[in-house]
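Below is one structure; the comments refer to it alone.
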Amino acid sequence: MKVTYNWLKDFVDIKVAPGALADKLTMAGLEVTSVEERGGDFVFEIEITSNRPDWLSVAGVAREVAAITGKKLIEKSHKVTKSQNHKAEVKIEIENKKDCPLYTAKIIKNVKVGVSPEWLKKRLELVGCRSVNNVVDITNYILFETGEPLHAFDLDKLQGNAVIVRRAKHGEKITTIDAQERPLNTGILIIADERKPIAIAGVMGGRETEVTETTRNILLEAAVFNPAVVRRGRRSAGIQSESSYRFERGVDLEKVTCASSEAAGLILGLAGGDLTGARTAGLAKSKKRTVKLDLFSVNKILGANINAARMKSILKSLGFKTSGARNVFTVKVPHFRFDVNSPVDLVEEIARVHGYENIAMTLPRVKPKPRLGEQPDKVALIKDILTGLGLNEVITYSLMDKSLLREFGMYAGAEALEVLNPLSAEQEILRPALIPGVSACVARNLNQKQDYVNIFEVAKAFGLSGGVPSEELRLCIALCGTKSMLLDRGVVKDTAGFLQLKGIIETVFERLGLKAHDFRPSERPSVIDILLAQEKIGMMQKLDQPALARMDIKNKDLFVAELSLERLLFYYKPEKKFSRLPAYPGISRDISLVIKEEITAGQILETVKEEGSVLLRQARISDCYQGKQIPAGFKGLTISCLYRSDERTLTEEEIEPLHSAVFKRLYEKFGAQIR
Amino acid sequence: MDIEAIKTQIESEIQSINSPQGLEEFRVKYMGRKGVLAQLTGVIPTLPVQERASFGQQVNALKEKILLIIKEKQGSLSGEKLMTQKGSGCDITMPGIARELGRLHPISQVMDEICTIFSRMGFSIVEGPEIETEFNNFTGLNIPLDHPSRDAFDTFYLKSNSKLLLRSHTSPVQIRVMKSEKPPLAAVVPGKVYRPDATDASHSFMFHQVEGFMVDEEITFSDLKGTLGLFAKAVFGKDIKMRFRPHFFPFTEPSAEVDISCIICKGKGCSVCGRKGWLEILGSGMIHPNVFKHVGYDTKKYSGFAFGMGIERIAMLKYGIDDIRLFFENDLRFLKQF
């Protein structure tokens, strides 16, 4: 909201410079976002918080200026013209007092609508309001000065003898002064004549009844409308105005008459005419409110030591009246302070004017109830393992385009959670999986000429479980491209593949002590299931062509994995057990085999472990080879076996028969040959 | 057999090898099934017990050496360059050889840093769901429906259930924690939040917040000032100045916005701080009695403070990033800077 320095001076004798005043206002809660010198005046742009409609006017800000600079507020005296007591020829009907507690109308006849005087034009222009004509400008001027919205109708354009405040009927329409035709509904409060709507109450007047150069007689409206109703009305009509902004936040009922008289006085002065009558419908008084304030509790909440006299004078300067015993005041709340309903509201007023900067900084006596080993700590550990393996963390959007699901083969399974009010197609649904977002992120980086992308994300995936929206914390890893490493002896290339992905996931499992893990091909091609304790907790996938095409990834394979972190952490037991170090050295023996291509490393290892005696402590694949020396359809595999006893040092002679038996078994079962 | 003699022999033999075949012959001679090493190993059981271990070690060392020599020779024979220069040490100006470490996202880094600071002050870290009820996101926090105070919190709703929404701030976790636990309480809540804002350099429909709150019998506004003062110094440095400005939030009373002296111009006024010399970094206040009423706390007995901050904003200020969209584009060239 804009106010000017000189306009404020109409209400309070300001002795501080504009810049200093801006700082004082900011520190009192009226944040001045800019001060601009224009035409011999200073325009303050102020952010008024939604709880303080009483600050939405020059007079309201002036009251605050008076309080924080220790000055008296200059009350403007206004002339009340006698003739306003004459009954006007127009009746007012209010359909529901809850929608409109007070409606007043003044009839002014024989006005001369024309151009406003310079002083009026200039003030309006400084606060960002375009000059229309003298009558309209006066209603706006009073709005900015007092915070009371007014509206002037062309009386001769009204049909019949009544002004009716009612809800719109289904199918009714109005063309507002901005020349837009707007459909109305029963949620919208309107002002109507006997035939049709003439204004959206508290929001905007109708074009047909607006005051123009040809207007002779006017009806001047000053009223109070229900804030929630105005809010709903302007939202469903899709417009906002200076009036609706104030009505929504609350307009002071007790100043309606006063503002109306002031406006009438100005109209008579600047546009001539006669005030021939007035009508009022509804209440003219608001409820009196008092709040009991315990002085001790003020200092207790603030951690301050403000004395009773200081509190009293602060409250008085803001328009509150205090009475009562030494330590407990009864505070009468002024009618314009809708926001003050309880003692804590007064605590803020006292703290604000006393100055937040004058309250000490202390440290609370914390009685900590630390939570250790909670999910966030474990997730942090997993992230650390992944970054340690060279992966970079990404954060992608939780909302996504529904049409992406099909290419990612997810449409059939997941019932997507749709967003009611997305701003674009990219926000249609809550993502049921992280893979699409992370894949898009890989694509973007490939586009930026990255040869190798290795990333992960930890975030929620969303879905329906038993018809109820649910969310699950997941981990997604993506690998793509070839990494070149300059090693001791030249460049070594490492191309992304399933085994790289598996290695990363295995490292996480092993670091967390999760031993019972397994990777199994699923029914879907290019998909590997990831199991923990026989439960499927995730999968790895080589993205297929439709998804790659949608992501615009060409000539590259993209490997992704997605796991439920919640299920993973369910199995995680941080306890670790020490195993005694071997007392005797072991003997390592390799077997290099040539086997049929289709025989898996898993089958071989399983057989080795079955056959190996208790002395065989470990068997692992140490080489895998296909090439010149191996016939087509076969592969070379080297298994390293470690033999060890806890009782003695083993001899070669002891190992020899055991190791031969292992080979014999492999020969019998798979026809394996020594390489 | 004298191991030292074998070593000398190997070194001279390897010099004269200049073909892969020659190298293979060399390999078989030493490493083959009936090679020199196999013979050496065979000797071990015949030695006196006390000598076996040290002899075994020497044999192993020899084996390692031979393997290394073969590998090096393979490299030089296949035309690859030797990166280390034997004898004269190495060309230390060559790039070091190491595995590249990955990075946490800058938002995670800032969020972790903030949580760690508060966790050292005794706050615990709590998380909550991103799909929330209208009650927890609004009503329970003293934000009535159909009220202008809701304008600051435009919200994504779910199509299937109009009472469910994507949380527009992390404050609903206050309600969850207070409903399930009694004071004393001190917690920080990191997480994602959503608001239907059109995306531009300073707005994103998804962003991150850290919320904090403390409730006990004698928590004061001065405690809030002290706690946040400590926090600002920890994040932005000891010389940072801080000010508390009255503001309005429906869920706190009194409420304050917190500014720090501009970290770019040190308070003189620049384009980052809009010539004001101050940067707004968080909102805070004393928890409103109505919030306590909603969770069944005795408003006479307990008081507390709460604060909340946008992580993207703090990260942007801290690192001098001028476009919020960079965080969600995840360009590796961007991510690897932090």
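The values are calculated or read from the model by the stated rules, or taken from the named source; none is laboratory data. This is a predicted model, so every value here is computed, not measured. Glycine gets a Cβ as well: all are built from the backbone with ideal geometry, and neighbour counts include every protein chain shown. The protein model used for the area step is the full one, side chains on, heavy atoms only, and it has no ligands, DNA or RNA in it. Shrake-Rupley method; radii C 1.70, N 1.55, O 1.52, S 1.80 Å.
Distance between the modelled labels on B:Lys179 and B:Glu100, one decimal in nanometres: 4.7 nm (7 Å Cα→Cβ projection). Using R0 = 35 Å, the C-beta based FRET efficiency linking A:Leu486 and B:Lys65 works out to 0.90. Peptide packing for B:105-117, A:313-325 was compared via the average number of neighbouring C-beta atoms within 10 Å per residue; ordered from the highest value, the list is B:105-117, A:313-325. The relative contact order of segment A:552-651 comes to 35 percent, based on Cα pairs under 8 Å that sit 6 or more residues apart.
Relative contact order for chain A using alpha-carbon pairs under 8 Å, separation at least 6, rounded to a whole percent?
Answer for chain A is 9 percent.
Residues within the reach of a label modelled at A:Ala228 (point 7 angstrom out along Cα to beta-carbon, backbone nitrogen below 19 Å), restricted to segment A:180-207, are A:185-190, A:201-203. Centre-to-centre separation between the Cα atoms of segment A:423-491 and those of segment A:114-147: 57 Å.
Rounded to the nearest 5, what % of DSSP beta bridges with both residues in segment A:375-571 are antiparallel?
Here the antiparallel bridges make up roughly 95 percent for segment A:375-571.
Full extension of the chain between A:Thr507 and A:Ala162 yields a length gain of 116.0 nm, computed as 0.36 nm times the residue separation minus the alpha carbon distance. The simple Förster model, with R0 at 35 Å and r as the Cβ-Cβ distance, assigns A:Arg310 and B:Cys270 a FRET efficiency of 0.40. Note on the protein assembly as shown: with neighbouring protein chains present and a 1.4 Å probe, carbon and sulfur make up 51 percent of its accessible heavy-atom surface. Between the Cα long axis of helix B:20-31 and the first principal axis of chain B there is an angle of about 90°, rounded to the nearest 10. For the peptides A:295-302, A:653-660, the ranking by mean Cβ contacts within 10 Å, running from highest to lowest, is A:295-302, A:653-660. Length gained on full extension, A:Ser640 to A:Lys76: 193.1 nm, using 0.36 nm per residue less the C-alpha separation. Per-residue Karplus couplings for segment A:446-453, computed as 6.51 cos²θ - 1.76 cosθ + 1.60 with θ equal to phi - 60°, are listed in order as 5, 4, 8, 6, 7, 7, 9, 10 Hz, Gly and Pro entered as x. Partner shielding of A:301-310 amounts to 3, given as the average count of beta-carbon atoms from other chains within 10 Å of each residue beta-carbon. Classification of segment A:245-309 by its C-alpha gyration tensor yields a prolate form. The axis ratio a/c (a ≥ b ≥ c) is 1.5 or more, and a/b outweighs b/c. Comparing A:Phe336, A:Phe456, A:Leu184 along the charge dipole axis of the protein assembly as shown, the residue lying farthest to the positive side is A:Phe336, per the Cβ-charge model. Considering only A:Ser592, B:Val43, A:Ala223, whose Cα is most displaced toward the positive end of the charge dipole of the protein assembly as shown, charges sitting on Cβ of Lys, Arg (+1) and Asp, Glu (-1)? Result: A:Ala223. With 30 Å² as the minimum drop in accessible area between chain alone and full protein complex (1.4 Å probe), the qualifying residues in segment B:102-123 are B:Gly102, B:Arg103, B:Leu104, B:His105, B:Ser108, B:Gly122.
Suppose we keep just the DSSP beta bridges with both residues in chain B; what percent of those would be antiparallel, to 5?
95
Look at where the Cα atoms of segment B:1-40 and of segment B:168-208 average out, and the two centres are 69 Å apart.
Pairs spanning more than 24 Å between alpha-carbon atoms, out of A:Lys24/B:Lys241; A:Lys609/B:Lys71; A:Lys493/B:Lys65: A:Lys609/B:Lys71; A:Lys493/B:Lys65.
Projecting the alpha carbon convex hull of chain A along each direction and taking the average yields 46.5 nm².
The residues of segment A:222-281 expose, per residue, 32 Å² of accessible area to a 1.4 Å probe.
Under a model in which nothing but the beta-carbon of Lys, Arg (+1) and Asp, Glu (-1) is charged, segment B:106-335 shows a dipole of about 480 debye around its Cα centre. Using Cβ point charges alone (K and R +1, D and E -1), the dipole size of segment A:1-132 about the Cα centre works out to roughly 780 debye.
Label segment A:2-69 by shape, choosing from rounded, prolate and oblate, from the square roots a ≥ b ≥ c of the eigenvalues of the Cα gyration tensor; if a/c is under 1.5 it is rounded, and otherwise prolate applies when a/b is larger than b/c, oblate when it is not. Rounded. DSSP beta bridges fully contained in chain A are about 95 percent antiparallel. Chain A against chain B buries an accessible area of about 8000 Å², both chains summed, 1.4 Å probe radius. Roughly how tilted is helix A:18-27, in degrees to the nearest 10 and between 0 and 90, from the longest Cα axis of chain A? That works out to roughly 60 degrees.
Partner shielding of A:28-35 amounts to 3, given as the average count of beta-carbon atoms from other chains within 10 Å of each residue beta-carbon.
Listed peptides A:484-493, B:290-299, A:634-643, A:303-312 appear in the order A:634-643, B:290-299, A:303-312, A:484-493 once ranked by packing, highest mean of other Cβ atoms within 10 Å at the front.
For chain B, the longest principal axis of the Cα atoms and the long axis of helix B:49-77 meet at an angle of about 80 degrees. When the square roots of the Cα gyration tensor eigenvalues are ordered a ≥ b ≥ c, the ratio a/c for segment B:1-155 is 1.5 or more and a/b exceeds b/c, which makes its shape prolate.
Each residue, B:Glu25 and A:Thr212, gets one label point 7 Å from its Cα in the Cβ direction; the gap between the two is 11.3 nm. Counting Cβ atoms of other protein chains within 10 Å of each Cβ in A:46-52 and taking the mean gives 4. Within the straight-line cut-off of under 19 Å between alpha carbons, the aspartates and glutamates reachable from A:Lys378 are A:Glu393, A:Glu457, A:Glu471, A:Glu472, A:Glu506, A:Glu510, A:Glu562, A:Glu566, A:Glu575, B:Asp112, B:Glu113, B:Glu127, sequence neighbours fewer than 8 places apart in one chain being disregarded.
Using alpha carbons only, how many angstrom separate the centre of segment A:523-576 from the centre of segment A:8-79? Using only Cα atoms, the two centres lie 62 Å from each other. Here B:Arg33 and A:Gln375 are evaluated by their C-beta separation; at R0 = 60 Å the FRET efficiency comes out at 0.60. Under 19 Å from a label point set 7 Å out along the Cα-to-Cβ vector of A:Asp518, the amide N atoms of segment A:607-627 belong to A:607-611. With pairing defined as another cysteine C-beta under 4.7 Å, the cysteines of chain B that fail it are B:Cys90, B:Cys115.
Here's the picture: a label point sits 7 Å out from the Cα of B:Arg333 along the beta-carbon direction, and within segment A:447-490 the residues with their amide nitrogen under 17 Å of it are A:447-454.
Label positions at A:Asn341 and A:Leu569, each projected 7 Å from the Cα along the C-beta direction, are separated by 3.9 nm. Length gained on full extension, A:Glu89 to A:Arg675, computed as 0.36 nm times the residue gap minus the Cα-Cα distance: 199.5 nm.
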